[in-house]
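Q: This is the structure I want to talk about, given as structure tokens.
We did not get these values from a lab; they are worked out from the coordinates using the rules stated. No experiment lies behind these values; they were computed from the predicted model shown. Note that each Cβ is placed from the backbone with ideal geometry, even for glycine, and that neighbours are counted across all protein chains shown.
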Amino acid sequence: MRAEPSAHTVDWEIPPTPDGMAGRLERFMGPGKTRAESAVEMGGGALCAALLLAGLWSPAGSGLRESWSTVQLIVVVLAGLDLIGGIITNATNAAKRWYHRPAPGTRRARLLFVGAHLAHLAVLGLVVLDGDLGWVLGNAALLLAGAVAVEYSPVPLARPVAVTVWTAAVLVNLFWLSVPLALLWFAPLFHLKLLVCHLVPEAPLGRTDG
């Protein structure tokens, strides 16, 4: 016998934010983040960052890592930390409430956020992958086509469409946009952050029954 689902409430009310840099940062991350969300964000981010760094310094990543310059290594580590943090942050109720709020210009803001990440592809492709334009352009096409598909899907279909285009992007990268073993994580995390975590509209839910 199925248990009754827990009661939840949807809360779209955005709390006020301070002026200046603190307010801009809070709005970028999502205003009104709960302590529990912050704890998951910090703890989960630390865990995944540690796993990434351990992987890069493991035997699987040592051969490539040793061939990287200091600049290349910094780019890889910063890219990984940005993706990990972005995946978790964009999955929070606070981020969903802010980036999918019913206000003019939010669609444009979401697509601009996605478009800004083309710079990530360019830097990684040109600096770390020695100018691999095929990899850069291939992932740019996957990102932009996927973003349009998700953003313009009816709301009930946005999640399955996002998972579909993410899966397609992962498969294309694994079979046709090859990178060294130590960078196999980049494309799955990159497209997950933007196509699934950022673009999928989800109601910010809170429990009402403890």
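Q: Which one, GLN72, HIS100, HIS120, is farthest towards the positive end of the dipole of the chain when Lys and Arg carry +1 and Asp and Glu -1 on their Cβ?
A: HIS100
Q: Which order do TRP185, TRP166 fall in if you start with the one that has the fewest other Cβ atoms within 10 Å? Spell out each step's value before the answer.
A: Values: TRP185 18, TRP166 22.
Fewest-to-most Cβ neighbours within 10 Å comes out as TRP185, TRP166.
Q: Can you tell me the FRET efficiency between TRP57 and ALA145 if r is taken as the Cβ-Cβ distance and R0 is 45 Å, rounded to the nearest 0.05?
A: Working: r = 35 Å, r/R0 = 0.78.
The calculated FRET efficiency here is 0.80.
Q: If you place +1 on the Cβ of every Lys and Arg and -1 on the Cβ of every Asp and Glu, how big does the dipole about the Cα centre of segment 114-210 come out, in debye to the nearest 20? Each step should come with its number before you reach the end.
A: Working: 3 positive and 5 negative charges, 27 e Å.
Dipole size: approximately 120 debye.
Q: Next up: Just to check I understand the Karplus step: with θ = phi - 60° and J = 6.51 cos²θ - 1.76 cosθ + 1.60, what whole-Hz values come out for segment 115-129, glycine and proline as x?
A: So the J values, rounded to whole Hz, are x, 4, 6, 4, 5, 4, 4, 4, 5, 5, x, 7, 8, 8, 9.
Q: Let me ask something additional. If you put +1 on each Lys and Arg Cβ and -1 on each Asp and Glu Cβ, how big is the dipole of segment 31-204 around its Cα centre, in Debye rounded to 20?
A: Values: 11 positive and 8 negative charges, 139 e Å.
That gives a dipole near 660 debye.
Q: Kirkwood Rh, the chain, all Cα pairs: how many Å?
A: Details: mean 1/r = 0.0538 Å⁻¹.
Kirkwood hydrodynamic radius for the chain: 18.6 Å.
Q: Between PHE175 and LEU112, how high is the FRET efficiency from 1/(1 + (r/R0)^6) when r is the Cβ-Cβ distance and R₀ = 45 Å? Nearest 0.05. All intermediate terms of the calculation are to be shown ahead of the outcome.
A: On the way: r = 31 Å, r/R0 = 0.68.
Given R0 = 45 Å and the Cβ-Cβ separation, E is 0.90.
Q: Under the Karplus relation 6.51 cos²θ - 1.76 cosθ + 1.60, θ = phi - 60°, what is the ordered set of whole-Hz ³J(HN,Hα) values for segment 78-93, x standing for Gly and Pro?
A: Here the 3J(HN,Hα) series is 5, 4, x, 5, 4, 5, 4, x, x, 4, 6, 4, 5, 8, 6, 4 Hz.
Q: Once you have the Cα-Cα distance between ILE74 and ALA103, take 0.36 nm times their residue separation minus that, and quote the gain in nm to one decimal. Intermediate results must be reported in sequence, preceding the final value.
A: On the way: separation 29, 0.36 × 29 = 10.44 nm, distance 3.79 nm.
That pair, ILE74 and ALA103, stretches by 6.6 nm at full extension.
Q: Determine, for each peptide in 130-141, 16-27, 88-99, the mean count of other beta carbons within 10 angstrom over its residues, then list the peptides with the highest first. Don't jump to the answer; show the numbers that get you there.
A: Working: 130-141: 15.6, 16-27: 11.3, 88-99: 21.2.
Top of the packing list down: 88-99, 130-141, 16-27.
Q: Normalised by the residues of segment 31-204, what does the relative contact order come to in percent, with Cα pairs under 8 Å and at least six apart? Intermediate results must be reported in sequence, preceding the final value.
A: Working: 163 pairs, mean separation 51.8, N = 174.
Relative contact order comes out at 30 percent.
Q: Can you work out the Karplus-derived ³J(HN,Hα) for every residue in segment 193-206? Use 6.51 cos²θ - 1.76 cosθ + 1.60 with θ = phi - 60°, whole Hz, and x for glycine or proline.
A: 4, 8, 7, 9, 6, 7, 8, 6, x, 9, 5, x, 9, x
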